Amino acid sequence: MTSAIVGRWGKNLALRFPNEISNAFELREGDRLEIESAPDQIVIRRAKPRYTLEDLFAGKAPEAWRALYADAYDWGPDRGQEIVDE
């Protein structure tokens, strides 16, 4: 069993992972972790990735995305206030 020491990081407490733990779980600086507490135990797991719209749509211009999905679903002709001039 590996042990660690709780230290201070500004006004907060911090836990430093020993090298063998960070290597085994491939932890890197900036990784997001979820922390859950229960009586007499703390559970730490990787957080699910969080993406921004910029991340999801990076690498293509809006025109390229529109062209790619132009025929994805036929909504029928534009009517009334739906008419959009591009």
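The values are calculated or read from the model by the stated rules, or taken from the named source; none is laboratory data. Just so it is clear, the model here is predicted, and its values are computed rather than measured. Glycine also receives a Cβ, built like all others from the backbone with ideal geometry; neighbour counts cover every protein chain displayed. Note: accessible area is taken over every heavy atom of the protein model, side chains too, but ligands, DNA and RNA are not part of it. Shrake-Rupley method; radii C 1.70, N 1.55, O 1.52, S 1.80 Å.
Would you mind getting me the FRET efficiency between Ile5 and Tyr51? Use the beta-carbon distance for r and R0 = 35 Å, nearest 0.05. Provide the component values of the computation, followed by the final result.
Details: r = 35 Å, r/R0 = 0.99.
About 0.50, to the nearest 0.05.
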task: Mind checking the per residue accessible area of the chain for me, 1.4 Å probe, whole number of Å²?
output: 104
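Okay, helix-only estimate at 222 nm for the chain: each DSSP H run of n ≥ 4 adds -39500 (n - 2.57), divide by all residues, round to 500 deg cm²/dmol; what do you get? Can you show the working numbers first?
Working: 3 runs with 17 residues, N = 86.
So the helix-based figure for the chain works out to -4500 deg cm²/dmol.
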- prompt: What is the chain's relative contact order, in percent, from Cα pairs under 8 angstrom and six or more apart in sequence?
  reply: 12
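Using unit Cβ charges (K, R positive; D, E negative) and no other charged atoms, how large, in debye to the nearest 20, is the dipole of the chain about its Cα centre?
Rounded to the nearest 20 debye, it is 760 debye.
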- line: Square roots of five times the C-alpha gyration tensor eigenvalues of the range 16-86, ordered largest first and given in whole Å, equal 47, 17, 10
